[in-house]
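Each remark here refers to the structure printed beneath this line.
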Amino acid sequence: MEIELVSDAPGSFSQDEQHRFRVLVEAGGEVDTVVLRRNVQSAKSLVFARSGGRLLGVAALKVPQPSYRKKSAQSSGFSLQSDLYPFELGYIFVHEAARGKGLAHRLVSGAGDQVRGTKVFATVRADHLAMLRTLHRAAFLHVGEEYPG
């Protein structure tokens, strides 16, 4: 199965493609749909993984809202100054049928290609071991304290 990875600014994608991005993220059941719509539109870039015209996975380099950044920093005890960490890697989701094939790692790498040399942060549930491994492989470091949310 050949996988095509496409990443670009949100405005480079049609409204239908942005909608399909949001639908796939919503399938994970962990995001507020209003916040998702706003964050997708204001993202630095969106990453799509497709095969044969089928959307298999997505990721985004988000531009975090100041209130979210402040809450995350306070909760984790780790400074997330916007000048040091301008972007957050997030909305990484792989369709269930495509899991276990390294696609999440390719999505993370594809997002990282957009901002080489720039520090990026990510938040992940402490029990999401597969994503923790993926981020570790992509040279993310575990910093800060775990917090509910």
*How far, in nm, would the chain grow between Ser67 and Glu146 when pulled straight, counting 0.36 nm per residue and subtracting the alpha carbon separation?*
26.6 nm
*Work out which GluC sites (Glu not before Pro) in the chain are exposed loop sites (DSSP not H, G, I, E or B, at most 13 other Cβ within 10 Å) and give the longest gap free of them.*
31-144
_Zone residues, segment 72-107, relative to Ala130, backbone N less than 14 Å from point 7 Å out along Cα-to-Cβ_ = 92-107
*Just for segment 1-144, what percent of DSSP beta bridges are antiparallel, to the closest 5?*
85
*Helical mean residue ellipticity (222 nm; -39500 (n - 2.57) per DSSP H run of 4+; nearest 500) of the chain*: -10500 deg cm²/dmol
*Quick one: ranking Arg137, Arg22, Arg38 by accessible area, 1.4 Å probe, largest first, what do you get?*
Arg137, Arg38, Arg22
*Span-rule helices in the chain, defined as complete DSSP H runs reaching 18 Å or more along the axis (Cα) with Kyte mean at least 0.0*: none
_Calculated FRET value between Glu4 and Glu26, using beta carbons and R₀ = 30 Å, to 0.05_ = 0.85
*Once you charge only the Cβ atoms, +1 for Lys and Arg and -1 for Asp and Glu, what is the size of the charge dipole of segment 61-149 about its Cα centre, to the nearest 20 debye?*
180
_Partner aspartates and glutamates for Lys70 [C-alpha distance under 17 Å; skip if fewer than 8 residues away on the same chain]_ = Asp83, Glu88, Glu145, Glu146
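The values are calculated or read from the model by the stated rules, or taken from the named source; none is laboratory data. Owing to the predicted nature of the structure, the values given are computational and were not obtained by experimental measurement. FYI the Cβ positions are ideal-geometry reconstructions off the backbone, even for glycines, and counts take in every protein chain you see. The area values use the complete protein model at the heavy-atom level, side chains included, leaving out ligands, DNA and RNA. Shrake-Rupley method; radii C 1.70, N 1.55, O 1.52, S 1.80 Å.
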